[in-house]
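Okay, so here's the structure we're looking at.
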Amino acid sequence: MRNHWSSRFGFILAAVGSAVGLGNIWKFPFITGMNGGGAFVLVYLIAILSCGLPILMAEFLIGRHSQKDVVGSFRELTPKSTFWKTIGWLNLAAAFIILSYYGVVAGWTLDYLVKSIADSFSSQDPEVIAGMFGALVTDPVRQIICLTAFMALCLLVVISGIKEGIERWNKVLMPALFAILVLMAAYAMTTSGAAEGLKFMLYPDFSKLTINGILEAIGHSFFTLSLAMGAMITYASYMDKKEAIYPVSIRIAFLDTLVAIIAGIAIFPIVFSVGMEPSSGPGLIFKTLPQVFATVPLGAVLSTLFFLLLAFAALSSAVSLLEVLTAYMIDEKKYDRKKATICMTVAVYVAGIPSALSYSTLSNVKLLKGMEILDSLDYVASNFMLPIGGLLIAIYTGHILDKKICKAEITEDGTGFLAIFNIWYFTIRYIAPIAVFVVFLTKIGLLKL
Ligand code: PFF
């Protein structure tokens, strides 16, 4: 008998825990900064509604109906097709690649946690604080220590299984993270850059929007909702029939988006009040937020709390990726949980080492467009693997999978949600795949708009 979540609340929290992570607090602000602000935010919101939410529902139905790992799901639902089984493999590969570099960034949060405990930011100059980030990423030994520590934490959680490990901690720490973010956003609104920061984030200047930006927004809508990587399929495979897919999905998408927007509101005013460039890339939150902690009363305590919760948010997301790989080994290769978790953690850890050394020992290795290893992997995963994976899942659910299965799952065996089913089915058949496909063709130059 397959293990299940102990309650509906437990499942929602685990799925929110997977969705809310570094994507919301680290990545969303910096890609918004790099893509010109408000117009990007608008496209991102449209992408969540038209692609992210429908595909989230599709993943939930696939996982819950099949009750299998990501590779097994597609085999179970369409046993005759070999082509569609490859989606499972693509998802698995994306989970592996993303976890390898996600662990590195999560390691940075641990380092900042230690810095906060040691009260390293108090009364430091902005340049000194910004410099700490550079010092961290160019130090190979610290990078490896941070990655090792973080992957060890993931191992501990996943090895204890979904209920005891993931569910228990999420219940306390996710609400706490939300509370502290709101507090920081409120503080940011009192700084001198408040007006400029808000304008940057909310005013849509379409002249700054590029096709790259649109593809990035779509890719990010998948990244932030943990889609096209098997995480939501795997989590839903532990969901029982008592839950309704639609209400759960809408809550997750809403909470995830809310956290990202609040993170933006907490960060951009500070970026402007200390005179930083919003487009300064992956170091953005690490260079800006500690500046707040340096000046406010009780800064060290707040900073410790913030990085603790951020590390936890990263952990609950990383754990869902590791669970994808572990569930695959358990279901398909018949490993026991302990052996499966250890093997996959070690494999991902080894694969993460080049990313950890991206800005130090291996800084001369530039893969794409002159980008370092970590940035290149993130670029390929977010701009290629995720949009293609999402596109395939939309086509699969909308056109290949038996409509009766979809209808029974979304309407909860005909007990409600019929109108929702009709809207969703239309979106997943036509809107989501066409949107992703057109943007993708334009991006690779095969289509000129
Ligand atoms: N959704 C997570 C975030 O926004 O940080 C990242 C993530 C977790 C991506 C799990 C993919 C995944 F399967």
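The values are calculated or read from the model by the stated rules, or taken from the named source; none is laboratory data. Fair warning: this is a prediction, and the values are worked out from it, not measured in the lab. Methodologically, a virtual Cβ is constructed for each residue, glycine included, from the backbone with ideal geometry; neighbour enumeration extends over all protein chains shown.
Values computed for the structure shown
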| quantity | calculated |
| --- | --- |
| Residue tally, condition within 30 Å of L315 (Cβ to Cβ), modelled with pLDDT of 85 or more and among the small types (G, A, S), over the range 152-207 | 7 |
| Considering residues of the range 229-247 that are within 16 Å of the ligand (Cβ to nearest atom) and part of a helix (DSSP H, G or I) only, the residue surrounded by the most Cβ atoms within 10 Å (Cβ to Cβ) | I233 |
| Single residue of L99, L45, L61, L56 found to be at pLDDT 95 or above and in contact with a Cys (Cβ under 7 Å, 6 or more places away or on another chain) | L61 |
| Top-ranked residue of the range 431-449 - restricted to ones that are within 15 Å of I46 (Cα to Cα) and in contact (Cβ under 8 Å) with a residue 24 or more places away in the chain, ranked as surrounded by the fewest Cβ atoms within 10 Å (Cβ to Cβ) | I431 |
| Residue match in the range 90-107 (condition: in a helix (DSSP H, G or I), under 22 Å from A176 (Cα atoms), touching a residue at least 60 places away in the same chain (Cβ under 8 Å) and away from the ligand (no atom under 14 Å from the Cβ)) | yes |
| Out of A263, A318, A313, A253, sole residue that is within 16 Å of the ligand (Cβ to nearest atom), part of a helix (DSSP H, G or I), within 21 Å of the chain's Cα centre (by Cα) and surrounded by fewer than 23 Cβ atoms within 10 Å (Cβ to Cβ) | A253 |
| Some residue of the range 290-306 being away from the ligand (no atom under 16 Å from the Cβ), aromatic (F, W, Y) and outside any helix (DSSP H, G or I) | no |
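Residue-by-condition table, conditions (1) within 16 Å of the ligand (Cβ to nearest atom); (2) within 28 Å of P387 (Cβ to Cβ):
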{"position": "G161", "(1), (2)": "no, no"}
{"position": "L183", "(1), (2)": "no, no"}
{"position": "A186", "(1), (2)": "no, no"}
{"position": "L198", "(1), (2)": "no, no"}
{"position": "M201", "(1), (2)": "no, yes"}
{"position": "K208", "(1), (2)": "no, yes"}
{"position": "I214", "(1), (2)": "no, yes"}
{"position": "H220", "(1), (2)": "yes, yes"}
{"position": "S226", "(1), (2)": "yes, yes"}
